[in-house]
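Taken together, the values in this text are just the output of simple stated rules run on the coordinates, not laboratory data. Just so it is clear, the structure is predicted and the values come from calculations on it, not from any experiment. So basically every Cβ, Gly included, is an ideal-geometry build from the backbone, and we count neighbours across all protein chains shown.
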Amino acid sequence: MRLGPRPPNVFVRGQGSWLWDAQGRRHLDAVQGWAVNTLGHAPPQIAQALARQAGLLLQAGPGFHNAPALALAERLAALSGLDRVFIGTSGAEANEGAVKLARKWGQQQRGGAATVISFSHSFHGRTLAMMAASGKPGFGAIFPPAVPGFVHCPYNQLAPVREAIGPDTVAVMLELLQGEAGVVAAEPAFVQGLRALCDEHGLLLIVDEVQTGIGRCGTLLAHTQFGITPDIVTLGKGLGGGVPIGAVLAREAVCRLAPGDQGGTYHGNALVCAAALAVLEVVAQPGFLAGVQARGEQLAAGLRALSSRHGLGAVHGRGLLRALALPPTLASGLVADAARTLPGDCGLLVNPAQPQRLRLMPALTISDGEIHQLLQLLDEALVVCTRPV
C-alpha cells in the first residue's frame, strides 16, 4: 500500500551510523529509523542477543512467563523507580495502554472519570485512539468519527489546563519534547506546574517518552531533567534498538487492571525482550550517557554555527534529539533532498519534521568524527539550497 512519498533508494545494509543502498552509495544516517536505532545499525550486541534467544525461545505466549520478559520488567522498574511494567509491541500501543490504565484507575478512584488532557501539536501514535489523543492539526479528522475522551490544550501554557480540568478529567498526557512538531521543548516550569496541578486535582500524569526515552536526551529518561516523577511513563522506539517493542511503566497504586483488560498475542515476546535487555545493558553502562550529552552538545554547537553562517534560525532539543529552524524561504524537504543526493560518494539522511524544521536523531553511538562529517555534509546541502539560481 502506498503510505506516502519515499525516495527511490532501497537500503540493503547498515553499520553503526551508516546505511548503504542497492547501488552501493553510502549515507550518514541522522534519522536512524526515526530515533529507533539506539546503538546504530546492526549493532553486535543486539545481533548476538537475537541469535542467542532465537535458538532458545521465540514466544511462549502471553499466558505464560518467559525469562527475558521478566528480566526486562525488573530492569525497567529498577532503572525508572516505577513499580510495574507492561511490555507490548510499539509506542502507540504503549500509549493506548497508558490511557487504558488511567481510565481503569478513574473508574475506581475518580467516579468514572475518563477524559485525558493532551496538547496542541502533540503526537502519540497512529491508532484511532492515539490519533484522537494527538494534537497534530487535522489528525483526528482523518478517520471520523474521532474517538472521544480527549481534550487538547495549548502547549507550555498552564492556565488553559487548569480551566480544562473538570469532574470527568482523569489524566494529563505530555511529551517533554514534541518530536513530530519539530522538536518543540516543554518549559521546566510548565512540566512542574502540570505535576502540581495533577497532585492538586487528584489526576494522573502520563509522560510519553516513546521518542525521548532510553538515553535519547542525555539521561535514561528525559523527565528526570525536569524534576518530576510521572505516574505513568510510556516507552518504545529506542527501547528495542531496531526491533518493535513498547512498554508502560507505572506506580503500583495506578495498576488497577483486571485479568483480560490488557494484553496481546506478542505481549512480552521473548525475542524482542532479549534485544531490549541488550540495549539497556549498553545504555546503562557508566559513562555512556555522559558521552551522549557530549555528542549532543557538539551537534548543537555545530548546528548553531551553520545557522549563523547561512542565516538560519534557532537550534532546538536536548541530547541527540535536535532540530534546526529554517527561514520561510527555505523548505526543510528541499534541504533533506539536497543532503541525500549530494555529489560524490556520500549522502546524508535528515528528517524534514515540519516545513521549516529539520530534525536530526542520530545513533547514540555516533562518534565525534561522524558528527563533524554530518555537519560538513549538511553545510554542503545548505550551500546547494541557498545558491542563487
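Annotation: amide H of ALA171 within the under-5 Å range of ILE117, LEU204, sequence separation 5 or more or interchain, hydrogens built in the peptide plane.
The relative contact order of segment 101-191 comes to 33 percent, based on Cα pairs under 8 Å that sit 6 or more residues apart.
Seen against the Cα atoms of the chain and their longest principal axis, helix 44-54 is set at about 50 degrees. Considering only THR329, THR229, THR38, the mean-square fluctuation computed in a Gaussian network model of the chain, springs between alpha carbons under 10 angstrom, is largest for THR329.
Would you mind telling me the antiparallel percentage of the DSSP bridges in the chain, rounded to 5?
60 percent
Of the residues GLN53, ILE232, GLY333, the one whose Cα sits farthest towards the positive end of the charge dipole of the chain is GLY333 (charges of +1 on Lys and Arg Cβ, -1 on Asp and Glu Cβ, taken about the Cα centre). The structure-derived value of semi-axes √(5λ) of the Cα gyration tensor in Å appears in the list [x] 34, 26, 19; [y] 36, 32, 19; [z] 54, 24, 17 under the label [x]. Mean sequence separation of contacting Cα pairs (under 8 Å, at least six apart), scaled by the length of the chain, corresponds to a relative contact order of 23 percent. On a 0 to 90 degree scale, rounded to 10, what angle separates helix 91-109 from the longest Cα axis of the chain? Around 20 degrees separate the two axes. Most mobile of ALA353, ALA141, ALA71 per a Gaussian network model of the chain (Cα springs, under 10 Å)? Taking springs between Cα atoms under 10 Å, the residue moving most is ALA141.
Placing unit charges on the Cβ atoms only, positive for Lys and Arg and negative for Asp and Glu, gives segment 44-283 a dipole magnitude near 300 debye about its Cα centre. Helix 270-283 and the longest principal axis of the C-alpha atoms of the chain enclose an angle of approximately 60°. In segment 217-370, Cα pairs under 8 Å separated by at least six residues give a relative contact order of 18 percent.
Between the residues GLY24, LEU128, LEU303, the greatest Cα displacement towards the positive end of the dipole of the chain, with unit charges on the Cβ of Lys, Arg, Asp and Glu, is found for GLY24.
Largest GNM mean-square fluctuation among GLN15, GLN32, GLN285, using the chain with Cα springs under 10 Å: GLN285.
When the Cα positions of PHE64, VAL383, GLY264 are compared along the charge dipole of the chain, VAL383 comes out farthest toward the positive end, with charges on each C-beta of Lys, Arg, Asp and Glu.
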